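Any read-out appearing in this document is the output of simple, stated calculations on the displayed coordinates, not a laboratory observation. Predicted model, so just to flag it, every value in this text is computed and none were measured. As a convention, Cβ positions derive from the backbone with ideal geometry for all residues, glycine included, and neighbour counts pool all protein chains shown.
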Amino acid sequence: MVRPLTAGAIAALKTSLQTRLEMPEEEKRMVNRPPEQFDPDYVATLRKILDIAVEQIAQENRTPATKAKMAQTIVRRAADGVTDASDLVSSAVRVGETRAA
């Protein structure tokens, strides 16, 4: 079950994403960009997205392996050009609903 984002989580993501939107277009372009080329601020934003997603899965699924699987999903989707935080959270939560081995 995907729970809605809290007001605080949404505010934090908006701040991070607003900073990103204010960057010159050539600096924020992400489509088909290898993850190793993400700038530190964007990596920090993706980390916040992961933290929010982890809070939305069952406590018993919050293992290091499940978190790693969720992080991989977020990074892959971001590398493919997905920039909507809610979409990234939802994708990670779907993956995290099943505990990784």
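Ranked for footprinting exposure by Cβ neighbours inside 10 Å, fewest first, ARG77, ARG94 give ARG94, ARG77.
Here the gap between THR83 and GLU55, fully extended at 0.36 nm per residue and compared with their Cα-Cα distance, gives a gain of 8.1 nm. May I ask you to sort VAL82, VAL95 by Cβ crowding, counting other Cβ atoms within 10 Å and putting the fewest first? Listed from fewest to most nearby Cβ atoms, that is VAL82, VAL95.
The order of GLU60, GLU55, going from fewest to most other C-beta atoms within 10 Å of their C-beta, is GLU60, GLU55. Modelled spin-label separation between GLU97 and ARG62, with each label point placed 7 Å from Cα along the Cα-to-Cβ direction: 2.0 nm.
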